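The values are calculated or read from the model by the stated rules, or taken from the named source; none is laboratory data. This structure is a prediction, so every number in the text was calculated from the model and none was measured. In this analysis, Cβ positions are derived from the backbone assuming ideal geometry, glycine residues included, and neighbour counts consider all displayed protein chains. Calculation scope for accessible area: heavy atoms of the full protein, side chains included, ligands and nucleic acids excluded. Shrake-Rupley method; radii C 1.70, N 1.55, O 1.52, S 1.80 Å.
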Amino acid sequence: MTTAPASAVWRRLQPHDRAWLMQLATFAEGGRIALVGGAVRDALLGHTPLDLDVVVEGTPVLKVAEKTGLPLTFHPAFQNATLSLPDGRSADLVQARRETYPEPGTNPVPHPGTLADDLRRRDFSLNALALLVRPDSEPAFLDEVSGLRDLEVRQLRPLHGASLHEDASRLVRGARLAARLDLDASPQLLQQVPDARRMAPHTPRLWAELKLLLQEPRPGRAAQKLQQWGAADLLPGLNVLEALDSLQESGLQVPWLVYAAAVLSASDEPAALAARLGLGERPGALLARARSDTYYPEDTPEVILRRLLRPDSYPPLTGRDVVALGVAPGKAVGEALSHLAQLRQAGQVRSADEERAALQRYLAAR
């Protein structure tokens, strides 16, 4: 246990979050509470933590949660509680535990444990840091697995040699984290990648992590991490994802559905991939619209994706354009647009100007 980083983490917390944590420590009545995981990691990186995860040791979580008076949802299987904070955020209170895996890839089985056990069951060392909050003294920093050293050198290290074998979804979670925080994979992580790839089909949580990857600020960076680590086969479409990242960096807002549709565009079985990722029908429908010749306004998701998948595409003539060229409103407009669509599908027109010339020939022939 060390105290030097404790004050840095404590100062980074919002004042009302510090007060709430002190209140929890009082409610523990002889037990211990600790802020853990991403909040501690992010505070040490200079950010203000907003997502609060708290481990409770030595007293029932539900008892502590109920004393707060906040709305809560209790999860009896793991003895955890999710609290609704006054500012609209949620916070998780976790009963200190250790975990075992009956079979690799399956959900772990929880067992009562200590705070140290709880930190050692986590995915990566820099997520196993904790701030022990005490009602009668200063907070203390806990580093059971040398996570602070890894954070200082920006390295992502799993906690033991079978970590990615037990839960292959940790590989994708690690790629998300590495992309967001600019981390390098440790040699221990890289050694476990082949095993994680073998276990991927047997790990349902991996698909949920891949869906979360598509909702990262820069999904292309995370997919690139998977490629660098030798796991590019987990998610197709890297080139398109990176191109979408570049568009975001130029100032264009790209919805996550565009990233999801881009991944489907690179798959031989897009419907099956959408089902595995739990994407629903919207990304596939977006992909179909992007591949069509239907007109959409500039910077819509359809046009953003179309320009990447079909770089030679152009805005086709609309009914308004056809009327402006002399076609009377009504049935004739639809017939003219249908004629132009047939020419596009046959590759006989390749620009709006060629469409106008073709339309003029069509009208002259009629």
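Would you kindly work out the equivalent ellipsoid of the range 216-366 from its C-alpha gyration tensor and give its semi-axes, the square roots of five times the eigenvalues, largest first in whole Å?
Details: eigenvalues 275, 45, 34 Å².
Working from the Cα gyration tensor, I get semi-axes of 37, 15, 13 Å.
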(Q) With a 10 Å cut-off between alpha carbons and a GNM built on the chain, which of Gly69, Gly330, Gly174 moves the most? (A) Gly330
Q. Which residue, Ala261, Ala130, Ala162, tops the fluctuation ranking in a GNM of the chain built on C-alpha contacts under 10 Å?
A. Ala162
Q: Label the range 52-200 by shape, choosing from rounded, prolate and oblate, from the square roots a ≥ b ≥ c of the eigenvalues of the Cα gyration tensor; if a/c is under 1.5 it is rounded, and otherwise prolate applies when a/b is larger than b/c, oblate when it is not.
A: prolate
Q) By a straight-distance test (C-alpha under 29 Å), which lysines pair with Lys211 as possible cross-link partners, with residues fewer than eight away in the same chain excluded? A) Lys225
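Viscosity 0.692 mPa s, temperature 37 °C: what is the translational diffusion coefficient of the range 120-225 from Stokes-Einstein with a Kirkwood Rh over Cα pairs, rounded to a whole number of µm²/s? It would help to have the intermediate numbers written out before the result.
On the way: Rh = 14.5 Å.
Answer, rounded: 226 µm²/s.
Residues with beta-carbon under 15 Å from that of Ala208, excluding Ala208: net charge, scoring Lys, Arg +1 and Asp, Glu -1? Before the final figure, lay out the partial values.
On the way: positive: Arg170, Arg173, Arg176, Arg205, Lys211, Arg276; negative: Asp123, Asp167, Glu209, Glu216.
Surrounding charge for Ala208 is +2.
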Q) What 222 nm value per residue comes from the helices of the chain, counting each DSSP H run with n ≥ 4 as -39,500 (n - 2.57) and dividing by all residues, nearest 500 deg cm²/dmol? A) -14500 deg cm²/dmol
Q | Positive dipole terminus of the chain, leading residue within Gln342, Gly174, Val36 (C-beta point charges) | A | Gln342
(Q) Just to verify a number: FRET efficiency for Ala324 and Asp233, C-beta to C-beta distance, R0 = 56 Å, to 0.05? (A) 0.65
(Q) Give me the 1.4 Å probe accessible area per residue for the range 241-289, excluding ligands and nucleic acids, in Å². (A) 47
